Structure formats: C-alpha cells, structure tokens
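Written below as structure tokens is the structure these notes are about.
The values are calculated or read from the model by the stated rules, or taken from the named source; none is laboratory data. Worth saying up front: this structure is predicted, and the values here are computed from it rather than measured. Here Cβ is always computed from backbone atoms with ideal geometry, including for glycine, and neighbour counts include all displayed protein chains.
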C-alpha cells in the first residue's frame, strides 16, 4: 500500500549530549553481536527461503502460507519459544498466478511483459483475438461497443509517455542529507482538512469512480476476453497493483493484464494507426477460499528477570508481498533481518531480562491489517483509545520495511525523549554508517499501528538503494536485488538495539497518548 514516502524529517532536542553521556552501552555484548552478525550471518540463507523457495507472497496466497510455515519452523529450530501462527481476524480470499502468457502475433510475433492484476480471473484457456481500442468518457458512449467485445482483447487510450532519466536507480544518503535530517526541528502536528462532499473536487472524484465501476461492469457483461492496462514503470520494469477486491463477497471482474509501458504504448500506437493487431494469451489464476483468516508469525525469547520478564521488546516486519516477483526488498529483506537478529541473540547465548518477541506481519500491503489487528487484540483500540493491560507491558517496537539498504539511523516518530538513548546505542556503529537520529517519521508501515495507541514504535532509516525507482511492488523485486553486506549490518544493529532495550533499567520513554478522533458527526 505504500510507496513508503519519507515525511518531513525533524530532529532530536538539544539535551542529547548530556543524556548521551549518561546512557551506558555494554561494549562486550556489542562486540559479540557484531562478531556473529557480520562474520557468521545466515541472513541471505533466510532471504533465499522467503523469496526463491516460497515465491510471491500476496496476502493469504499459497506462497505466503509456505513462507509463514517455514518461518515458524525455522524460528523454532533456532530455539525460540512459542513459535506459531497467530490468527488476527478475517481477511478474505487468497489468490495466485498459475499460468501467464501473452504475445502479439500480428503484424509480427512479440511476447510482451505483462502481469495479471491481483484478484482478477484468468482467461479460461487460451484465447486469440484482435485488439480493440475502447474510448468512452460517459455511459452513453459505451453503447457503441455493445455486442462487439465478446472474446476480444481490449486496450484503452492514454496520453502517457515514457520519460527517460539520467538519474541513477541506486541511491544512498549523503552526509549532507543525514545532517539535515538530524538538524531539523520538531513540527506541530498538522490537522487533516475535512472533505467537503459538495466540493467540485469531490464531485469529480465521485463521477470518475462511478465511470470506472460502470466500465468494469460493462466489460464483464460483454464477456471481453482480456483487458490490457499500462503498468507504471520503464525499461521493462512493471509495478503491479490489484484489479479487484479480495473480499469473499466481491463482484466478478474481467481478466486484466498490467503490461510494461513499452509494450502497451507499442500496441496502442499500432491500433490507433489502423494497423491490425492480433494477440494470443493464456492466463490462469487461482482463488483460495478454504481459510479466509489472516495470520501473523510470532515467536519469543523469554525474559529471565523476575520483575521485568513480563515486559516485552518487539521487532517485526511484514512478510507478505505483491505478486509480480518474490518480494525481496518489500519485505523479505526486513523479515530476514528481524529473523537474523533473533538468531544472533540466541546464538550468543543471550538471556534477556525482558521477553523479546518477533512478529512477521501479514496483509500489510492491503492496509497494515496484520499489525493493526495484533495491536487491537493485544494493546487497545486507536479509535476509542480504550487500552488493554498489555499496553503497559510493551517496552518498544522496532520495524524494518524500506528495502535492502543499510541502516543509517532511526526515526523517533516524535518521541524526543528516546533520542539521546538511541544516539548512545548507535555510537558503536558509526564505522558502519549508522549515526542519525531524527524526530521525524517514515510513513506507511507497521510501526504506525503501535504508535496509534501510544506505544513507542520505531522504523529505522535505510539507504533508499533502488527501492522506489526499480523494486518496490515491481517485477524486479527479486533475491538478486538484495545487498548482503547491508542486510548483515542491519541485523547486527537491530540485535544490538534489542539487547539494549531488554537490559535497560527503565522502559523506553513514551509520548503522550494520542487523542482519539471525534465520533462521526461531531
């Protein structure tokens, strides 16, 4: 559901230097963690099983279930306790691609890059058809296509063009960018503008939505063979989306392929010029309806301190992905790093004071469902701010979900009191490039579920690499896009943060509880 866009970054307050001197770090433990994490890592082996072996991991798909089962068993094999799948509530249908082939056959043969939109049906066998251009801006204009589209392959007009760029795909933060993040000032929370249902903008949105729904239903009623739509991306990269609802009560839609920009625009130019374009396709997709529940993977290293073992330090990342590739940078990378952090701590024989719990979330891509429902089930309801007893026992939650890039620091999510603590914890990793603490936030991922009920929830700052330009939700998001050195560094730093949080005399400071939103109509 992302692109995880960085919100305005803001920095820690000025008493950091004093507090930094007061916060102690166990250097011997840090060195043990570094030795295991940097020189004996298993993170790429874990990533291999989550990507190449498990396959695409769309919510409730067979691929996600394979990855979840493997993760539960792997965490158990490392000696973690209570390793299990924990249900969080109803999600809906699973879905996967079982066959996908499409090609131009006239005026010449050319196999195209195309991916079925999630939760759309297949073609019910091989089809071969002319490509028909459909142009309609109103319901009345659709009438001219009645009775003409059965079994046809449909394409729509667009003004889109592919823009070339000399900007490199892969980027890391510069020292200047990190300094700017660390030097920015806290900003007051903004207020959302209320939607005016009578505004011209809202009316235009309503009209466009109604037209899309009418077009979708019209194409189903006309029994079109296949719809072609242009996927975002260039140079053969195609960013995938969903084409229908995952709800078990959702209406049927027509089969739809999201094609590369280059292939889509070539076909469109030929059709608009009057050239005959014929295509063949064979798409098979499978809906999975035997279990509509959503599940998270959870496991623990139990605490050992008589007073503190009831308190919990949590780490996590989402395990689900989109379906165009194997979800390596989004977010097998984060899941593998968090699993590796737990492995490191077990391997060095760490006996934590507080309980350490890992959670690998599901259905993050559809709306943070796994983490939000976990928080609802365990900690409280952000809509009412009615909290549960467990809310007082959660020390902190650390998340990783911005690709394969190394950790450069941490977002405080507005928790300025935690800034000096994290500065001290990052100090031993200055040589690995992790130095920056900023009071700001990066949005769109699972730490937000914790923050919503007043819990310290944090996401690490990561180098962007080619996450936004090439891999995020695309057909390029594969194992080969992972940076082994960066993932080793990240797992080492996460393990150190978990160690320090578990052993600290006091819990991580909390912000004031959020104010629940007003009830509808007030």
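The figures follow:
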quantity	calculated
Number of the exception - residue 522 against (1) surrounded by fewer than 20 Cβ atoms within 10 Å (Cβ to Cβ); (2) modelled with pLDDT of 95 or more	(2)
Extreme residue, nearest to residue 338 (Cα to Cα), among residues of the stretch 467-522 that are touching a helix residue (DSSP H, G or I) at 6+ places or on another chain (Cβ under 7 Å) and in a loop (DSSP other than H, G, I, E, B)	482
Conditions (1) touching a strand residue (DSSP E or B) at 6+ places or on another chain (Cβ under 9 Å); (2) under 30 Å from residue 42 (Cβ atoms); (3) outside any strand (DSSP E or B); number of the one not met by residue 125	(2)
Cross-chain or 6+ apart pairs with Cβ under 6 Å, the stretch 364-382 first and assigned by TED's automatic domain parsing to the domain that holds residue 314 and in contact (Cβ under 8 Å) with a residue 40 or more places away in the chain, then surrounded by fewer than 23 Cβ atoms within 10 Å (Cβ to Cβ) and in a helix (DSSP H, G or I)	379/390; 379/391; 380/391
Residues (within 14 Å of residue 162 (Cβ to Cβ) and surrounded by fewer than 16 Cβ atoms within 10 Å (Cβ to Cβ)) located in the stretch 267-282	269
Filter result (surrounded by fewer than 23 Cβ atoms within 10 Å (Cβ to Cβ) and either in contact with a strand residue (DSSP E or B) (Cβ under 7 Å, 6 or more places away or on another chain) or over 23 Å from residue 464 (Cβ atoms) (or both)) within the stretch 427-440	427, 428, 433, 435, 440
Meets criteria (under 33 Å from the mean Cα position of the chain (by Cα), outside the structural domain of residue 274 (by TED's automatic domain parsing), surrounded by 14 or more Cβ atoms within 10 Å (Cβ to Cβ) and farther than 18 Å from residue 292 by Cβ) for residue 51	yes
Unmet criterion (only one of (1) at pLDDT 95 or above; (2) under 15 Å from the mean Cα position of the chain (by Cα)) for residue 433	(2)
Flag for residue 294 being surrounded by 23 or more Cβ atoms within 10 Å (Cβ to Cβ), in contact (Cβ under 8 Å) with a residue 12 or more places away in the chain, touching a strand residue (DSSP E or B) at 6+ places or on another chain (Cβ under 9 Å) and in a loop (DSSP other than H, G, I, E, B)	no
Flag if residue 453 is crowded, with 22+ Cβ neighbours inside 10 Å and not in a loop (DSSP other than H, G, I, E, B)	no
Options 174, 158, 240, 249; residue that is exposed (fewer than 13 other Cβ atoms within 10 Å of the Cβ) and touching a strand residue (DSSP E or B) at 6+ places or on another chain (Cβ under 9 Å)	158
Helices (runs of 4 or more DSSP H) contained entirely in the stretch 26-107, each with at least 3 residues that are under 19 Å from residue 374 (Cα atoms)	62-77
Which numbered condition residue 66 fails, given (1) outside the structural domain of residue 284 (by TED's automatic domain parsing); (2) exposed (fewer than 15 other Cβ atoms within 10 Å of the Cβ)	(2)
